[in-house]
Each structure stands twice: as C-alpha cells, then as structure tokens.
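Student: Pasting in a structure now, in structure tokens, and then I'll have a few things to ask.
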Amino acid sequence: DLELCRKRESHWRYKGTNYIYSGLANDLDDEPKQVLAGTSSDKNFTGVIKDFGDAVEYCSLRCMALISIETEGEWEFIKSKMQEVDVPFIWTSGHKCDKRVSKTCYTNAAIQPRIINGWFWSGSGARIPPTNEIPPGWSKSPWGTTGIYTKVNQQRDPNAPPVPQPDNAEEELGLLKKEEESCLALATNLWQPETVWNDIACYHEKPWICEDNDELMKLAGIGK
C-alpha cells in the first residue's frame, strides 16, 4: 500500500533503518487490545497482538518486514528496546523450513536436522546459523538455554539436563494445538530471566517489530 508506505511510522532507528513497534503504533489505536503476562509477576502487557502471518502482512503493507536479527549489535539494540517498553514477547521474521515453506524442507540434506540447520530470516532471506552453535562473530548464542521441555523432564528426574531452545516442545510433547514450533519469537522472563530467542508455533498471537525492507521500498519508489 503506497500510502501506508509513505506515511509509515518510525519509533526507533538503528544504523539508518527505521523500526515500528506495534505497542507504539498509532494506526493500531482502534484495534482490540488483549492482555499478555508481563515481564514480572506484577506487570502485564496490554496491546494489539497478531499471529505470525498477520504481523507479516501488517509490516509488508508498510514496505517493511518483521525484524531479521543478523548481527549481535542489532540484537543488543532490540533487547534494549524491549526492556525499555517492557514487552514480554516479540515476533521476528525467523522461520523454520517446514510444510508452509516447501515439501523439499524434509528432503534437502543440507538443512537436516531442520531444528538445527533449517532456520532462516523470512524478512531478508538470510540463513540463520546452526542453532547449536554461537553465530559467527557473536560473543554468545542468543537462543534460550532452557524451556518447557526441561521443566517436563525435570519433573520426572530433577537431575535431567536442560534442553535448550529451539526445542519444538509443543509438537514433541503434544501440548496445546500440537503444532510444530516453526516461528522465532523473542521472549523475556518466559523460562529464564533474560531476553532470548525461542521457537514457538506460528498461530500464537504476540506483539511485533517491523523494520524497513529495501526491496519493498524500492518497488514503491520511496527511500528511508
């Protein structure tokens, strides 16, 4: 939508890129608000939340995409902003190669096992490094070190080792809708106090952050 692209908001800037945070978006003022558990027991988040697909659409209509966090510098910037606005979850464009992407996701040897090698940034098209390694040039892994898989295992055996993210727990443990956890959200104080990367089924509804998408902006004939 050319008009939405030209009039898109900008709540933050990092290295020349504009960002929209859904919790600050004026054009969402009239949409229904919902409550999510906050980043501590005495806080809740109230705002507009969408599933992954609807968040993608919101961004693309504004010549933007859900965030692709390809450098540790941008990761530190986004973490600081999440803490600033005290939001417990954020959709990113991170996605695992699955049935929604292509049937070849299950046969392409280069991305097996998918939970380790099958992740990519749908916003930029860039591959996400193997999830069991520290990304090249980063000081530490951004993925969470524990999750519900750990909690379930330790109920049976208190000495069971933690299972790091991504763990595809909803599908593997038969929880909720039992769907594959194919989307990447940023989570604060979910299974650990820090803000970390967490795999989650794409139907869940969360706040989101968009960033400028150069390809869409070029098609629309507008600049940053």
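Student: Which of [x] 56, 46, 35; [y] 69, 58, 29; [z] 72, 56, 36 is the computed Cα extents along the principal axes in Å for the structure on display?
Tutor: [x]
Student: Another one. Give me log10 I(q)/I(0) at q = 0.13, 0.20 Å⁻¹ for segment 104-224, Debye formula, one equal scatterer per alpha-carbon, no solvent.
Tutor: Ignoring solvent entirely, the Cα scatterers give -0.63, -1.28.
Student: Tell me, what ³J(HN,Hα) does each residue in segment 85-94 have, in order and in whole Hz, if you take phi through Karplus 6.51 cos²θ - 1.76 cosθ + 1.60 with θ = phi - 60° and put x for Gly and Pro?
Tutor: Working through the residues one at a time gives 9, 6, 10, x, 9, 8, 6, 10, 8, x Hz.
Student: Only loop residues by DSSP count here, and only those with at most 12 other Cβ atoms within 10 Å; note down the trypsin sites (Lys or Arg not before Pro) in segment 33-134 that meet that.
Tutor: Listed in order of number, the matching sites are Lys33, Lys43, Lys99.
Student: State, to one decimal in nm, how far the label point of Lys140 lies from the label point of Lys99, with both points 7 Å from Cα in the Cβ direction.
Tutor: About 3.7 nm separates the two model spin labels.
Student: Mind listing the long-range amide H neighbours of Ile49? Cut-off is under 5 Å, sequence gap 5 or more, other chains count too, H placed in the peptide plane at 1.01 Å from N.
Tutor: Gln34
Student: Can I ask one more? Could you give the nm distance between label points at Glu215 and Thr107, where each point is 7 Å from its Cα heading toward the beta carbon?
Tutor: Roughly 2.4 nm, to one decimal.
Student: So what's Rg/Rh here for segment 150-219, counting alpha carbon atoms and using the Kirkwood radius for Rh?
Tutor: Here the Rg-to-Rh quotient is 1.11.
Student: Just for the Cα atoms in segment 1-122, what are the lengths along the principal axes, largest first, rounded to whole Å?
Tutor: 45, 42, 31
Student: Mind checking the per residue accessible area of the chain for me, 1.4 Å probe, whole number of Å²?
Tutor: Per residue, the chain has an accessible area of 50 Å².
Student: Could you check the spin-label model distance between Ala37 and Gln154? Points 7 Å from the Cα along Cα→Cβ, value in nm.
Tutor: Between Ala37 and Gln154, the simple spin-label model gives 1.5 nm.
Student: Let me ask something else. Give me a comma-separated list of calculated 3J(HN,Hα) values for segment 21-38, in order, Karplus coefficients 6.51, -1.76, 1.60 applied at θ = phi - 60°, integers in Hz, x for any Gly or Pro.
Tutor: 9, 4, x, 10, 6, 5, 6, 9, 4, 8, 7, x, 9, 10, 10, 10, 4, x
Student: Each residue of segment 110-127 in turn: what ³J(HN,Hα) in whole Hz from Karplus with 6.51, -1.76, 1.60 and θ = phi - 60°, glycine and Pro shown as x?
Tutor: Going residue by residue, I get 5, 10, 9, x, 4, 5, 9, 10, x, 9, 8, 8, 5, x, 10, x, 6, 6 Hz, with x marking Gly and Pro.
Student: Keeping the other protein chains in place, figure out the carbon and sulfur percent of the accessible area of segment 80-126, with a 1.4 Å probe.
Tutor: For segment 80-126, the apolar C and S fraction of the accessible surface comes to 54 percent.
Student: Let me ask something additional. What residues have an amide H closer than 5 Å to that of Ile128, excluding those fewer than 5 places away on the same chain, when H is modeled at 1.01 Å from N in the peptide plane?
Tutor: So Ile128 has HN proximity to Trp119, Phe120, Trp121.
Student: Would you give the gap between the C-alpha center of segment 155-224 and the C-alpha center of segment 22-79, rounded to a whole Å?
Tutor: 12 Å
Student: Quote the FRET efficiency, to the nearest 0.05, computed for Leu175 versus Asn26 with a Förster distance R0 of 41 Å and r equal to the Cβ-Cβ distance.
Tutor: The value I calculate is 0.70.
Student: Tell me which residues come under 5 Å, amide H to amide H, from His11 once H is placed; ignore anything under 5 positions away on its chain.
Tutor: Tyr19, Ile20, Tyr21
The values are calculated or read from the model by the stated rules, or taken from the named source; none is laboratory data. Predicted, not measured: the structure shown is a model, and the values here were computed from it. We place every Cβ from the backbone using ideal geometry, glycine too, and count neighbours over all the protein chains shown. Heavy atoms of the whole protein, side chains included, go into the accessibility calculation; ligands, DNA and RNA do not. Shrake-Rupley method; radii C 1.70, N 1.55, O 1.52, S 1.80 Å.
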